[in-house]
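A.B. asks: What follows is a single structure, and I will ask about it in a moment.
The values are calculated or read from the model by the stated rules, or taken from the named source; none is laboratory data. This structure is a prediction, so every number in the text was calculated from the model and none was measured. Cβ coordinates were reconstructed from backbone atoms using ideal geometry, including for glycine residues, and neighbour counts include every protein chain displayed.
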Amino acid sequence: MSKRRRRRTGLSQIGAPSEEADEIVTPVNLPSASAFSTRTLKRNHVLPLTAICARVFVANFPKLSKDSRQWEPTQAWRVVGARLKILPDSTIQTLFAMLGSSHPELLSHELVKEYFLRGHSVTLTSGMGGVRSPVSKYTVGALATMGPGLVRLHLTGFDKMTDQSFAAIISCHPSLEDLSLCGCTLVGPKTIQAAARACSSLTSVNLNYTSVTPLALASLLRSHKERLEVLKVAGISSWTDTAFAKLHAELLTTGAFRLPVLRTLKLRQTSLSDASVNALIPMVPKLRRVDVSFTDIRRSLSTSHYDFADLEKLSVTSTAVSPDDLIPSHGQRSAYSVSPMTFTDDHLRSLTAVLSSNTAIENINLVGNTKLARDGDSIAEFLLLVGRRLKKLNLSGISFLRSSDLLNLSPADPAGAACTLQELSLNNTGIDDEAATYISFAGTKLSSASQRTVSQLELTLL
């Protein structure tokens, strides 16, 4: 490989102009650990009239309120509101999702309850509606009047609602398939029992940051063992080895127990150790995505006698798992995560050798790996052989990273293949103005190569 500080001729930047060049976008301001330069794919077809109308409505929505910070309808809203009520449910849900993204402060309790609680999918967060009339437990309570057709229900951050209230609402929706109660801290056994009894079609359950104990989950796991595909229980303090042992014993009272279609399991920020995880693994033979970050595990799942040949994501951030347990002989695995305090330039070289022939990986996250890029050559080789063909790359928090390390993101020959990166994170690094020689942010133009359809795979190195 050529020396990393060599100069190249011609314009050097991520990507290259092409007939399918992208329009310029402004980088999104996100927290320092995940801020990135990004771009929006240019559409090569005319949008449907319904999509154009929806965009116009959302863009002009603040004008229908007397106060752009809070919902206070103007006289013109009477006509608009009457028309909203005759729109199809699918259109209402599209508008609601777009408004939730662009103007959540205007989605007051009264507005949401009157116009947007219909259709097969509802997403409510406690941050909607601003201060004057926020979406609240009363808005959530109105879900009980929607009828039995609700399939997807996502409620986030409603920490004042009781377990009994959630149970009553869920009991009214027997068609639910996707249930997320993330951050609803009082959700507990009554809610789980209601879901197990009333919602026979559930395939995805997100209970992150609730109060559901392992044992309380037994009824739901039993009743949905043939259907459950996604289970998330991150950030629940009661998930300890002792508590999990009770769930394990309960599930085995009638013999062997399995969740044959479970593919996603999130145990992040629990107090489980290898003993619990190893007891759980035989029950989930089809597992594809696993997050055991910030737990007490010491060995990766790859060291067990169960070989997850098709594993798509394995996150073991801030655990005692050694990078040496993850890298050797696992070239086909598409996702890894290791502690930033242990991942070194030598590990990066080994990883580069493993991934240099893997063309399926799209996303690599090296955020906060403070021991990387000390010699420069390892990160330069990684960018040349792996980084240039990714879609997303996060190098944030690598304090030893310098502008010259990014040279390999640009082609040696200006006529060569363009880098396919769509998102690049470089915040909290040692780069300076010289980086502009090798990269371009808001003005980046990416070739059509970045628009290929590839199965979504992740490699996380946190």
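A.B. asks: Look at the stretch 80-137 and say how many of its residues are over 21 Å from the mean Cα position of the chain (by Cα), of a type in the set (A, V, I, L, M), outside any helix (DSSP H, G or I) and buried (at least 17 other Cβ atoms within 10 Å of the Cβ).
C.D. replies: Residues flagged as over 21 Å from the mean Cα position of the chain (by Cα), of a type in the set (A, V, I, L, M), outside any helix (DSSP H, G or I) and buried (at least 17 other Cβ atoms within 10 Å of the Cβ) within the stretch 80-137 amount to 3.
A.B. asks: Tell me yes or no: at least one residue of the stretch 102-120 is closer than 30 Å to residue 381 by Cβ and at pLDDT 50 or above. Lay out the reasoning, then the answer.
C.D. replies: Taking the stretch 102-120 and keeping what is closer than 30 Å to residue 381 by Cβ, we get none.
There is no residue in the stretch 102-120 that is closer than 30 Å to residue 381 by Cβ and at pLDDT 50 or above.
A.B. asks: Out of the stretch 238-257, which residues are among the polar types (S, T, N, Q) and within 15 Å of residue 295 (Cβ to Cβ)?
C.D. replies: Residues of the stretch 238-257 among the polar types (S, T, N, Q): 238, 240, 242, 253-254.
Answer for the stretch 238-257, where residues must be among the polar types (S, T, N, Q) and within 15 Å of residue 295 (Cβ to Cβ): 238, 240, 242.
A.B. asks: So, one more: Would you check which residues across the stretch 352-363 are buried (at least 18 other Cβ atoms within 10 Å of the Cβ) and at pLDDT 80 or above and list them?
C.D. replies: Selection gives 352 alone.
A.B. asks: Considering each residue of the stretch 388-406, count those that are buried (at least 24 other Cβ atoms within 10 Å of the Cβ) and not in a loop (DSSP other than H, G, I, E, B), and give that number.
C.D. replies: Of the residues in the stretch 388-406, 4 are buried (at least 24 other Cβ atoms within 10 Å of the Cβ) and not in a loop (DSSP other than H, G, I, E, B).
A.B. asks: Might you let me know whether the stretch 151-160 holds any residue that is closer than 29 Å to residue 239 by Cβ, acidic (Asp, Glu) and either touching a His at 6+ places or on another chain (Cβ under 8 Å) or part of a strand (DSSP E or B) (or both)?
C.D. replies: First, pick out the residues of the stretch 151-160 that are closer than 29 Å to residue 239 by Cβ: 151-160.
If we keep only those that are acidic (Asp, Glu) as well, we get 159.
Now restrict to residues that are either touching a His at 6+ places or on another chain (Cβ under 8 Å) or part of a strand (DSSP E or B) (or both): none.
No.
A.B. asks: So, one more: From the set of residues in the stretch 52-71 that are within 28 Å of the chain's Cα centre (by Cα) and small (Gly, Ala, Ser), which is surrounded by the most Cβ atoms within 10 Å (Cβ to Cβ)?
C.D. replies: 54
A.B. asks: Also: Considering only residues that are aliphatic (A, V, I, L, M) and more than 21 Å from residue 68 (Cα to Cα), which ones fall in the stretch 92-147? Quick ask: steps written out before the conclusion?
C.D. replies: Restricting attention to the stretch 92-147, the residues satisfying the condition of being aliphatic (A, V, I, L, M) are 92, 95, 97-99, 106-107, 111-112, 117, 122, 124, 128, 131, 135, 140, 142-144, 146.
Those that are aliphatic (A, V, I, L, M) and more than 21 Å from residue 68 (Cα to Cα): 92, 117, 122, 140, 142, 143, 144, 146.
A.B. asks: Taking into account only those residues within the stretch 420-443 that are modelled with pLDDT of 75 or more and over 17 Å from residue 401 (Cβ atoms), which is surrounded by the most Cβ atoms within 10 Å (Cβ to Cβ)?
C.D. replies: Per the criteria, the residue is 422.
A.B. asks: Quick one: how many residues across the stretch 182-228 are touching an Asp or Glu at 6+ places or on another chain (Cβ under 7 Å), among the polar types (S, T, N, Q) and surrounded by fewer than 21 Cβ atoms within 10 Å (Cβ to Cβ)?
C.D. replies: Residues that pass the stated criteria total 4.
A.B. asks: Out of the stretch 246-274, which residues are at pLDDT below 95, surrounded by fewer than 14 Cβ atoms within 10 Å (Cβ to Cβ) and not polar (S, T, N, Q)?
C.D. replies: 252, 255, 256
A.B. asks: Could you list, in sequence order, the residues of the stretch 281-302 that are surrounded by fewer than 21 Cβ atoms within 10 Å (Cβ to Cβ) and closer than 21 Å to residue 227 by Cα?
C.D. replies: Across the stretch 281-302, the qualifying residues are 281, 282, 283, 285, 286, 288, 289.
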